[in-house]
Amino acid sequence: MPDSRAVTQSPSGATDTELANAIRALAMDAVEAAKSGHPGMPMGMAEIAVALWTRHLRHNPANPHWPNRDRFVLSNGHGSMLQYALLHLSGYALPMDELRRFRQLGSMTPGHPEVGVTPGVETTTGPLGQGLANGVGLALAERLLAAAFNRDGFPVVDHHTYVFAGDGCLMEGISHEACSLAGTLALGKLVVIYDDNGISIDGATKGWFGDDTPRRFEAYGWQVIAHVDGHDVDAVSAAIGRARDDPRPSLICCKTVIGKGAPSKAGTADTHGAALGEREVAATRDALGWHEPPFSIPPRIYAGWNAARRGADAEAAWASTFDAYARAHPAPAAEFTRRTGGTLRDGFAALADAFIAGQAEKAESVATRKASQQAIEAYAAVLPEMIGGSADLTGSVFTNWSGSTVVTSEHAGNYVNYGVREFAMAAIANGLALHGGFIPYVGTFLTFSDYMRNAVRMAALMKLRTLFVFTHDSIGLGEDGPTHQSIEHAASLRLVPGLDVWRPCDTVETAVAWKHALIRRDGPSALLFTRQNVAFAGARAASDIERGAYTLVDFDAKAAARAVILATGSEVALALGARAILGNEGIAVRVVSMPCTQLFDRQAPSYRKAVLPPGVPRVAVEAGVTDGWRKYVGAVDDGRAAVIGLDRYGESAPAPVLFRHFGFTPEHVADAVRRVVAAPER
């Protein structure tokens, strides 16, 4: 029988139960048509969605990018049909045909929500817990922008972030990291609604998830509203109202039945990740009293869901406030528009070029982590949207600058002490980037990039302008030993599509890397820096560095071209040393610095051939695994190419000792060049 408890009517005359059942019907129909998907969560959270989307959520379907909209994140993204149904029903440009094409090639309704694919989707979710962490970043962005731009009588930044999360999100370790920090920072406009249905893929979670979740979040400093009936729209709405009024982040624990309405499968894992089947779908329709054909919604229910008028009015009211704000405070209004539009200040490129030229004149031999801090100092001073942070390593990774002020529960600064929470740090930074108004950069040791790898991947998938600063980039960190020495990490990061990985050799390349990462708007960048000092590599054009690889020192014009040495980072100095040795023997060598392989790969073939001329033997040098360099030097088994690297873990010893021990010396590089030039052509 239909659930008779929720009888509140929308202006169209549709009851809350009918609005909820529209979600259930669309979820069943789309998953059934695809023969793939997760119908249980949308069916179980339908009333929760009614409460939030019809009574609280401030959004405008006609403008999904309205700056002051509330943000909605579906962290339990496997239940994507819940969000697609909500977007379609409330009036977004997501037609019914796209719901019919759920999970099909080229549709606007992929298996998990993807930002940039579906209008109204704020972040790409799927890997559980990351959406929740993104939500922390979204809420933090709202807090910081409000502090920067709001003036008395002009609350131009004033919105909430709502997150739907399930058992899986809260089991993932990232939820502990992110929610602990959210409580410490008192992000009061963050509201998380927990779908406590007690079911995951393997069945009832009581056998492996026995946490006292309310007490856990109370310990974080959250307001917890527990024991809410997730199928009572009024109760959920009242809980959301309480959450909105509290200065702490809020967790609303809603008890629900997964797959609610399905006569024989509700409350079981059978509804979690598979279509219900035709018989169960038909029986569910009867049980719900829903007699519409598949993918059909009655007009009065559409009218009950439609948020077009309400959203347009909300945005118009905000626009009126912003117009008055712009008249009263023209400078911050212009700055707000610039920052939320994602454009850099006029003249930034020229300023950066002047800084790069200054670094070339200074010709300093310093660690590239120090060169990175110098670049941050120069660029952050003119780009207030830069917000830094590190995972408890500020004094080692040098991500702070003279203008850094720490974000606390009471102070809106520009630097976040994330604590030892690498994964959450990266995902929160992604949330800051998604919100708009910020360019986040975060730092830790390169070897700890493993802890944050999936968030780095998600930044690349979403094409976010998130900057990942990784220092202590090789065995050059020395005595901390193999647990901290990055051997495979640079190579593995280079495998991430869309991630530009920079490993600069000196102050000039570092300054160029930072400039390029800040200007880039189509993806994230990873900046890899040394702990140890490196020699200044000499004068060269910034425009050459910006091509990813370039000729640092060319062949001696008086000798025949004999070999090319490719190198990155601290190993560029070794290549230059080997060239000097070989030059005394009449062996002409070109040294190519390749700080960013991805940028080089995007250059025209003619440029790539000019830098790496065909037929000339090549030797690559990098203090890491060797496989990736065969792409550039060619097959090494014919003797005409070689890679000097490290295909084993390091040792505990001072850095100079380690470099000698593992063969990273100019003499060893010179030996490799002698071998490849002596090998017969094949």
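The values are calculated or read from the model by the stated rules, or taken from the named source; none is laboratory data. Model, not experiment: these values are computed from the prediction. With ideal geometry, Cβ positions are generated from the backbone for all residues, glycine too; neighbour counts draw on all protein chains shown. Remember, those area values only see protein heavy atoms, side chains included, never the ligands or the DNA or RNA. Shrake-Rupley method; radii C 1.70, N 1.55, O 1.52, S 1.80 Å.
Quick rundown of the values:
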read-out	value
Lone qualifier among ALA573, ALA511, ALA563 - being more than 23 Å from ARG640 (Cβ to Cβ), open to solvent by less than 10 Å² (accessible area, probe 1.4 Å) and either not small (Gly, Ala, Ser) or not in a loop (DSSP other than H, G, I, E, B) (or both)	ALA511
Condition check for ARG531: open to solvent by 10 Å² or more (accessible area, probe 1.4 Å) and free of Cβ contacts under 8 Å to residues at least 40 places away in the same chain	no
In the range 275-288, residue farthest from the chain's Cα centre (by Cα) [restricted to those that are crowded, with 17+ Cβ neighbours inside 10 Å and free of Cβ contacts under 8 Å to residues at least 60 places away in the same chain]	ALA283
Residue ranges of helices (runs of 4 or more DSSP H) in the range 27-119 with at least 1 members charged (D, E, K, R), at pLDDT 95 or above and within 30 Å of PHE336 (Cα to Cα)	46-55
Residue within the range 192-213 that is open to solvent by less than 40 Å² (accessible area, probe 1.4 Å), in contact (Cβ under 8 Å) with a residue 12 or more places away in the chain, among the aliphatic types (A, V, I, L, M) and under 22 Å from LEU57 (Cβ atoms) present	yes
Residues being surrounded by fewer than 20 Cβ atoms within 10 Å (Cβ to Cβ), within 15 Å of LEU552 (Cα to Cα) and within 41 Å of the chain's Cα centre (by Cα) - total across the range 580-599	0
Where ALA269 falls short, out of the listed (1) farther than 24 Å from VAL31 by Cα; (2) in contact with a Gly (Cβ under 7 Å, 6 or more places away or on another chain)	(1)
Conditions (1) within 30 Å of GLY395 (Cα to Cα); (2) of a type in the set (Val, Ile, Thr); (3) over 25 Å from the mean Cα position of the chain (by Cα); (4) surrounded by fewer than 18 Cβ atoms within 10 Å (Cβ to Cβ): number failed by THR551	(1)
Residues of the range 35-50 that turn out to be over 29 Å from the mean Cα position of the chain (by Cα) and over 21 Å from GLY267 (Cβ atoms), as a count	1
Residues within the range 377-408 that are hydroxyl-bearing (Ser, Thr, Tyr) and surrounded by 24 or more Cβ atoms within 10 Å (Cβ to Cβ), tallied	2
Residue in the range 466-481 that is part of a helix (DSSP H, G or I), under 27 Å from GLY358 (Cβ atoms) and open to solvent by less than 10 Å² (accessible area, probe 1.4 Å) present	yes
Any hit, the range 289-306, residues being at pLDDT 95 or above, within 15 Å of MET28 (Cα to Cα) and crowded, with 16+ Cβ neighbours inside 10 Å	yes
Residue in the range 409-430 that is farthest from ALA182 (Cα to Cα), counting only those that are surrounded by 16 or more Cβ atoms within 10 Å (Cβ to Cβ) and either modelled with pLDDT under 95 or among the charged types (D, E, K, R) (or both)	GLU422
Pairs where the first residue, in the range 338-364, is closer than 20 Å to GLU385 by Cβ and open to solvent by 40 Å² or more (accessible area, probe 1.4 Å) and the second is part of a loop (DSSP other than H, G, I, E, B) and not small (Gly, Ala, Ser), C-beta under 8 Å, 6+ apart	THR340/PRO67; ARG345/VAL382; ARG345/LEU383; LEU351/VAL382
Pair list, Cβ under 7 Å, 6 or more apart: the range 668-682 residue closer than 17 Å to GLU622 by Cβ and of a type in the set (Gly, Ala, Ser), other residue outside any helix (DSSP H, G or I) and at pLDDT 95 or above	ALA672/VAL619; ALA672/ALA642; ALA672/ILE644
Residues satisfying the stated conditions in the range 612-624, i.e. farther than 17 Å from ALA678 by Cβ and surrounded by fewer than 20 Cβ atoms within 10 Å (Cβ to Cβ)	PRO613, PRO614
Only listed residue being in contact (Cβ under 8 Å) with a residue 24 or more places away in the chain and within 22 Å of GLY241 (Cα to Cα), chosen from VAL121, VAL156	VAL156
Qualifying residue in the range 387-406 (condition: touching a strand residue (DSSP E or B) at 6+ places or on another chain (Cβ under 8 Å), assigned to a helix (DSSP H, G or I) and under 22 Å from ASP70 (Cα atoms))	no
Residue check, THR118 in contact with a helix residue (DSSP H, G or I) (Cβ under 9 Å, 6 or more places away or on another chain), buried (at least 24 other Cβ atoms within 10 Å of the Cβ), on the phi < 0 side of the Ramachandran plot and among the hydroxyl-bearing types (Ser, Thr, Tyr)	no
Number of positions in the range 576-614 that are of a type in the set (D, E, K, R), assigned to a loop (DSSP other than H, G, I, E, B) and under 18 Å from LYS631 (Cα atoms)	1
Residue within the range 75-83 that is open to solvent by less than 10 Å² (accessible area, probe 1.4 Å) and either of a type in the set (Phe, Trp, Tyr) or farther than 18 Å from ASP195 by Cα (or both) present	no
Scope the range 367-376; condition under 15 Å from VAL534 (Cα atoms) and open to solvent by less than 10 Å² (accessible area, probe 1.4 Å); matching residues	ALA367, THR368, ALA371, SER372
Residue within the range 143-155 that is part of a loop (DSSP other than H, G, I, E, B) and under 15 Å from the mean Cα position of the chain (by Cα) present	no
Subset of the range 459-491 [closer than 25 Å to LEU518 by Cβ and β-branched (Val, Ile, Thr)]	THR466, VAL469, THR471
